[in-house]
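Here the structure comes first, spelled out in structure tokens, and everything after it is commentary.
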Amino acid sequence: MSSHSFSARRRRVLLVIAVAELLVMSLWFSATAAAPELATDWGLTPSETAWLTIAVQLGFVVGAFVSSVLTLSDVVQPRYLFAASAFAGAVLTAAIAGFVTSAVPAIALRFLTGVALAGVYPPGMKIMAGWFRAGRGFAIGVLVGALTIGSALPHLLRGVGGVGQPQLVLYGAAGLAVVGAFLALWVEPGPYQAPAAPFDPGALGRMLRDRGTMLANGGYFGHMWELYAVWTWIPAFLIASISASGGGAGASETASFIAFGTIAVGGVGAIVAGVASDRAGRTVVTSVSMVTSGAASLLVGFVFGSSLLVLVPFVLVWGFAVVADSAQFSAAVSELAEESYVGTALTMQTAIGFLLTTVSIQLVPMVADVVGWQWAFVPLALGPVVGTLSMVRLRGLPEAEKLAGGRG
């Protein structure tokens, strides 16, 4: 195959799997975006409302841990695992819209949706790693950018007609996910994808003992402590801020659009960081990103209640930075981990990272109850501090030579 033909094929793969990921990941925050209406219709408590998001995180963790132990991402062809998991998540989400009228079954179905999504994100990263060796940071950055925009889509669905109509948001996300499932089936394995590996119960233990892989994971864990808590609670923060500034009328719709922008702009951040990390190194780009987002967690309280001319640019910068580094931790693990079990290493990384999010997501409203939404995000800065220290340490080790073609 000529180099031109190969480049064209991998560009097509990148486009198709990125669009598929974008569409399927609309499932993640579908119930979160519809939560104000669901809480009213079903009489949910604030705790039950929060669990509509937390259940997905926990389900993802359980699904990812099971997948890691069974090495599913390396035993099953990733496109088949991706498609089957996406379709299952769509069915579960549609079931909430069609049949559920109370908290317990909704939370159970959201948990199972999270389990299904554990079969979408890590296999998508493995597909990218199979097609891209040079430029891998950019490729996985595009994938995470697509995931980010997909995660924001339910807020857009709500903003353009879903206020007061939660079924529209849920059915819309489910329909998008079905399209994404079919797209994934068109993606063939890349030339750098390791062949299906045998089940090896010792593979996970070797990963946990690998110094470079675990430091890259440490960066990811610090990043995740902040990311999903911001994504989950930025709409509530925005509503409170807009109301405090005297803009109470239409605050919910305005907050939905700003929340969509705050999350979706991270897709641009992920792509920009992917290009930068291939040129400047993974450890540098991730550290800069975490310092920026961590500072925003500390400083956002100073723009609370401000004019939208001040608030919107601030949260857009935060949204850009908070997810920009995400793909690069995955790219780093794909370069550091044992080649035959890259899928399992990525799945383990995401499993532990998402487990941490279940704590930080619950922490933010608890802090808000004590000090108000203005300063509710301050504890999230701890994650970027820990993550930055891990990546700085990794940069000083010989293992850093494996990252970004030797750029660290």
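Every number in this text was worked out from the coordinates using simple rules, so none of it is lab data. It should be emphasised that the depicted structure is a prediction, and the values quoted were computed from it without experimental measurement. Every residue, glycine among them, receives a Cβ derived from its backbone with ideal geometry; neighbour counts consider all protein chains shown.
Charged neighbours of SER293, selected by a Cβ distance under 10 Å, balance to -2 (K, R count +1; D, E count -1). Would you mind checking the tilt of helix 282-299 against the longest principal axis of the Cα atoms of the chain, expressed as 0 to 90 degrees and rounded to 10? That works out to roughly 10 degrees. Note on the chain: with a GNM built from Cα contacts shorter than 10 Å, the maximum mean-square fluctuation among ALA345, ALA381, ALA139 falls on ALA381. Computed from the C-beta positions of TRP42 and VAL386 and an R0 of 30 Å, the FRET efficiency is 0.20 to the nearest 0.05.
For the chain, a Gaussian network of Cα nodes joined below 10 Å ranks GLN328, GLN77, GLN57 by mean-square fluctuation, and the top entry is GLN77. Hey, what angle do you get for helix 3-24 against the long axis of the chain, alpha-carbon based, 0 to 90 degrees rounded to 10? Here the helix axis deviates by roughly 30 degrees. Considering only GLY114, GLY175, GLY137, the Gaussian network model of the chain with Cα springs below 10 Å gives its largest mean-square fluctuation to GLY175. Between 0 and 90 degrees, the angle of helix 121-131 with respect to the longest Cα principal axis of the chain falls at about 40 degrees. Candidate values (i) 46, 22, 20; (ii) 35, 25, 19; (iii) 32, 24, 19 were compared with semi-axes √(5λ) of the Cα gyration tensor in Å computed on the shown model; the agreeing label is (iii). Here's the picture: a label point sits 7 Å out from the Cα of SER102 along the beta-carbon direction, and within region 51-70 the residues with their amide nitrogen under 17 Å of it are 52.
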